[in-house]
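Derivation of every value follows stated rules applied to the coordinates shown; laboratory data play no part. Bear in mind the structure is a predicted one, so any value in this text is a computation, not a measurement. Here the Cβ is made from the backbone with ideal geometry for all residues, glycine too, and neighbour counts use every protein chain on show.
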Amino acid sequence: MKATWNGVTIAESDNTVLVEGNHYFPVESLNQQYVTFSNHKTTCAWKGTANYYSLLVEGELNSDAVWYYPDPKPEAEQIRGHVAFWKGVKVAK
């Protein structure tokens, strides 16, 4: 699977975890040169608290486009150490 935004590859992996229609990529597959800080957080009833990253590509900011669960609830342990995408980030084979 490959995650792309604004013409660049944000992450690529043959080892994603599919949860609720979202591919969670191993954090090591994340292209760190495009990742920047976000202080946004949300809560999921069964996965726990999600933290976010923003993307910065070619001077364009995509705020809070990457999310991850640093300490997922036991039911979601399989996504620990993984990131997922939204806000226009395309995920495809």
### Task
Considering each residue of segment 4-54, count those that are touching a Ser or Thr at 6+ places or on another chain (Cβ under 7 Å), hydrophobic (A, V, I, L, M, F, W, C) and under 17 Å from ALA92 (Cβ atoms), and give that number.
3
### Task
Could you grab the pairs with beta carbons closer than 7 Å, sequence gap of 6+ or different chains, first residue in segment 18-41 and without any contact (Cβ under 8 Å) to a residue 24 or more places away in the chain, second one of a type in the set (Gly, Ala, Ser) and outside any loop (DSSP other than H, G, I, E, B)?
SER29/ALA11; ASN31/ALA11; PHE37/SER54; LYS41/ALA50
